[in-house]
Amino acid sequence: MDYYDIFISVLSSTIRLSIPLIFTALAGLFSERAGIFDIGLEGKMLGSAFAAACIAYLTDSAWLGLGAGIVCSVALSLVHGFASITNRGNQIVSGVAINFFIAGITIVLGQAWFGQGGRTPQLSPDARFAPIILPGADAARDIPIFGPLYANVISGNNILTYLAFLAVPFSWWVLYRTRFGLRLRAVGENPGAVDTAGISVAWLRYRAVMCAGILCGFAGTYLAIAQSAAFIKDMSAGKGYIALAALVFAKWKPVPVMFACLLFGFLDALANFMQGKQVPLIGEVPVQVFQALPYILTCVLLAGFIGVATPPKAGGVPYTKER
Amino acid sequence: MSTASVPLPHWINYGLIPLLNLVVAFLISGFVVWLIGESPLDALSLLLEGALGNGEGIGFTLYYATSFIFTGLSVAVAIHAGLFNIGSEGQAYVGGLGCALVALALDRYVPWYVTMPIAVIGAGLFGAAWAFIPAFLQAKRGSHIVITTIMFNYIAAALMVYLLVHVLIVPGKMAPETRTFLEGGQLPKLGWLMTTFGAKLGAAPFNVSFIIALLAAWFVWVLIWRTKLGFEMRTLGVSRTAADYAGIPYARTVIVAMLLSGALAGMMALNPVMGSSARLQVEFVGGAGFVGIAVSLMGRNHPLGIIMAAILFGILYQGGDWVSFEMPNITREMILVIQGLVILFAGALEYMFRPAMVRLYQQFKRG
């Protein structure tokens, strides 16, 4: 195979693998910028994937599937909010609980409803988000260099992919150019100041976790009814934690979040591509090296060896009004 | 006056409220069972029958409980020092490497009672080593221990799969596992203990590591409540500023607490690796590290509570297997649902019922 063809194919699978990470990491961004740690991203993604697949299967509509995914994920966000904002419980514990609950309930309900070992039935094309062929993609295919890039990487993705890339500047705009965004960032740094200004800390934080829920809903829906054609048990497979790693890697900023997700998606794509192939001078690189790399990079970054990642100051601390 | 600061007697704080949380978690689980068209009461009686109905069931229950005691203690020791160690899973996994290497090296030369103490040390050292890096990063570089320990779980998984597939695998075999240990690398079953209670162990892998787990629990109790180090850890856990003011070195206390936590998690590997399968396999930990979080939360981080919570989770695991066998509609993963609810209610929503309790208690005292 031509080197450029390899490059194109790795690039297009990079995009495919990055999309759920981008949505999920942006979700984490909203939540953590408001001072609520969210280990439960993994569970929300998995839960919304299951809900999306179930409803898409029943109604044969991808959009209703998306709606169900978002509703499920927002509901889980509200549970997380109730525990960590209203009851001032431990945010980490609450997130861990959501992950366990979802990992179990998706399989229990899936088996009880469909009897296929925890997976949902195969979806019809109507129930999925189909690839969108951009105008001129076929005509452009023969243009050197640019043609394959346009036809195979830029065109031919489903609508959620394009939405993910739109969600990045949109999140930036919300966080940095709106009053809500300013207050949201403030409540993650110094909730006392926000409270003094007469703004409800609890309501702001609830809205932040709901934003996170909506974005996680997109991520789960993408997994189940855009990338695949069914819910498969444990299909999020640690992506929620990778998204968390990407969030740290991007130092809690929207545009770097996108690049961090693309980097981790690229490592994943590369690992799939390199499996069983020889590298000159080194020999076969074990696939586990690529699998562990995002986690290792994140730890190195957290240790401050490649720049300092400072999390929002009030992250993880429940807010108590002094009396 | 806020209800949060009203003192309640111990039996409400450590008895009634956790019990209430547990009951709510089980009620919701029962609702899920009802939702999928099975009778919650039938499921419950099957669960108890499978876990406690005969000697073999009890043997399996205690076998699971053994693993959970170790990981529960691991989580608790870290929590006492104010650290949330989500990495027990990875530490137990790497601990398995330590104990397997000892067993592989010694099993043909010496009997099990010589191998065992060395394997305990090996498992503990490897588990502690895996906890050391996150501990060091937390203590010296300010990295958040929750994030780093999660990352280390995944790194451990990748590392162990690599070792089992490429290094430790038996040449010519397909399964990614080490060779089976000879008798000198296997822990004996506790059949005699069951016989004294008039029950038969059967095929259950209940083994000597249960006794090590009980000793570890006693050790943790002494450490936390009877030593200077334990006092320093608890002080740090309550308030870092107070600890600094009292001259308790932060970095040292964090690292020592995490080393102990990792060592306890690592020792968990003795139970499945040397006590049951007699070889190191992929994913042998099977989530026991995460169960440790629930166990520790439910046992209120006290060794005695942890032993009881571990046995409860042992009942859930063994009984859950039995239920899924008898009621094919309810899969094994129902355990994860219950576990998630227990963590949610006993951990994150710990104080949900407290205001109501305070009101009831005050009314009761007045009346």
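If I ask for residues that are part of a helix (DSSP H, G or I), more than 7 Å from every other protein chain (Cβ to nearest Cβ) and surrounded by fewer than 24 Cβ atoms within 10 Å (Cβ to Cβ), which ones from region B:345-364 would you list? Lay out the reasoning, then the answer.
Initially, region B:345-364 is screened for residues part of a helix (DSSP H, G or I), giving B:345-348, B:354-364.
Filter once more, keeping what is more than 7 Å from every other protein chain (Cβ to nearest Cβ): B:345-346, B:354-364.
Listed by number, the residues that qualify are B:R354, B:P355, B:A356, B:M357, B:V358, B:R359, B:L360, B:Y361, B:Q362, B:Q363, B:F364.
Inside region A:277-290, can you point out the residues that are under 24 Å from A:K239 (Cα atoms) and surrounded by fewer than 20 Cβ atoms within 10 Å (Cβ to Cβ)? Can you show your working first?
Taking region A:277-290 and keeping what is under 24 Å from A:K239 (Cα atoms), we get A:285-290.
A:V285, A:P286, A:V287, A:Q288, A:V289, listed by residue number.
Table: residues versus (1) among the small types (G, A, S); (2) touching a Cys at 6+ places or on another chain (Cβ under 8 Å); (3) surrounded by 15 or more Cβ atoms within 10 Å (Cβ to Cβ); (4) free of Cβ contacts under 8 Å to residues at least 12 places away in the same chain.
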| position | (1), (2), (3), (4) |
| --- | --- |
| A:A127 | yes, no, yes, no |
| A:I132 | no, no, no, no |
| A:R141 | no, no, no, yes |
| A:Y150 | no, no, yes, no |
| A:L160 | no, no, yes, no |
| A:A226 | yes, no, yes, no |
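Within region B:325-344, is even one residue surrounded by 14 or more Cβ atoms within 10 Å (Cβ to Cβ) and away from chain A (no Cβ under 14 Å)? Before you say what the answer is, go through the steps one by one.
Taking region B:325-344 first, the residues surrounded by 14 or more Cβ atoms within 10 Å (Cβ to Cβ) are B:326-327, B:329-344.
Then drop every residue that is not away from chain A (no Cβ under 14 Å), which leaves B:326.
For region B:325-344, residues surrounded by 14 or more Cβ atoms within 10 Å (Cβ to Cβ) and away from chain A (no Cβ under 14 Å): present.
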- [ ] Please state which one of B:V256, B:V285, B:V295 is surrounded by fewer than 24 Cβ atoms within 10 Å (Cβ to Cβ) and either assigned to a helix (DSSP H, G or I) or out of contact with any Leu (no Cβ under 9 Å at 6 or more places or on another chain) (or both).
- [x] B:V256
- [ ] Scan A:V257, A:V248, A:V317 and give me the residue that is more than 23 Å from the chain's Cα centre (by Cα), at pLDDT 80 or above, surrounded by 13 or more Cβ atoms within 10 Å (Cβ to Cβ) and under 30 Å from A:W203 (Cα atoms).
- [x] A:V317
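Residues checked against (1) buried (at least 24 other Cβ atoms within 10 Å of the Cβ); (2) at the interface with chain B (Cβ under 10 Å from one of its Cβ atoms); (3) in a loop (DSSP other than H, G, I, E, B); (4) among the charged types (D, E, K, R):
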residue	(1), (2), (3), (4)
A:M45	yes, no, no, no
A:S48	yes, no, no, no
A:V71	no, no, no, no
A:V74	no, no, no, no
A:F82	no, yes, no, no
A:G89	no, yes, yes, no
A:L123	no, no, yes, no
Task: Among (1) surrounded by fewer than 19 Cβ atoms within 10 Å (Cβ to Cβ); (2) within 14 Å of another protein chain (Cβ to nearest Cβ); (3) not basic (K, R), the one test that B:Y317 misses - done: (1)
Task: Hits in region A:53-67 - residues which are surrounded by fewer than 24 Cβ atoms within 10 Å (Cβ to Cβ) and on the phi < 0 side of the Ramachandran plot - done: A:C54, A:Y57, A:L58, A:T59, A:S61, A:W63, A:L64, A:G67
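Check whether at least one residue in region B:297-308 is at pLDDT 90 or above and basic (K, R), and report yes or no. Outline the logic, then answer.
Looking only at region B:297-308, we keep the residues that are at pLDDT 90 or above, and these are B:301-308.
From what's left, basic (K, R): none.
No, region B:297-308 has no match at all.
Do we have A:S94 as out of contact with any helix residue (DSSP H, G or I) (no Cβ under 7 Å at 6 or more places or on another chain) and either in contact (Cβ under 8 Å) with a residue 40 or more places away in the chain or closer than 24 Å to A:P312 by Cα (or both) here?
Values: out of contact with any helix residue (DSSP H, G or I) (no Cβ under 7 Å at 6 or more places or on another chain): no; either in contact (Cβ under 8 Å) with a residue 40 or more places away in the chain or closer than 24 Å to A:P312 by Cα (or both): yes.
So A:S94 does not fit the description; no.
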TODO: Within region B:93-104, identify whether any single residue is buried (at least 24 other Cβ atoms within 10 Å of the Cβ), touching a Phe, Trp or Tyr at 6+ places or on another chain (Cβ under 9 Å), within 14 Å of another protein chain (Cβ to nearest Cβ) and not in a loop (DSSP other than H, G, I, E, B), and answer yes or no.
DONE: yes
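Of the residues that make up region A:104-121, is at least one over 30 Å from B:I338 (Cβ atoms), away from chain B (no Cβ under 14 Å) and surrounded by fewer than 24 Cβ atoms within 10 Å (Cβ to Cβ)? Full working, then the answer.
Just the residues of region A:104-121 that are over 30 Å from B:I338 (Cβ atoms), to begin with: none.
For region A:104-121, residues over 30 Å from B:I338 (Cβ atoms), away from chain B (no Cβ under 14 Å) and surrounded by fewer than 24 Cβ atoms within 10 Å (Cβ to Cβ): absent.
The values are calculated or read from the model by the stated rules, or taken from the named source; none is laboratory data. Since the structure is predicted, the reported quantities are computational estimates derived from the model, not experimental observations. In this analysis, Cβ positions are derived from the backbone assuming ideal geometry, glycine residues included, and neighbour counts consider all displayed protein chains.
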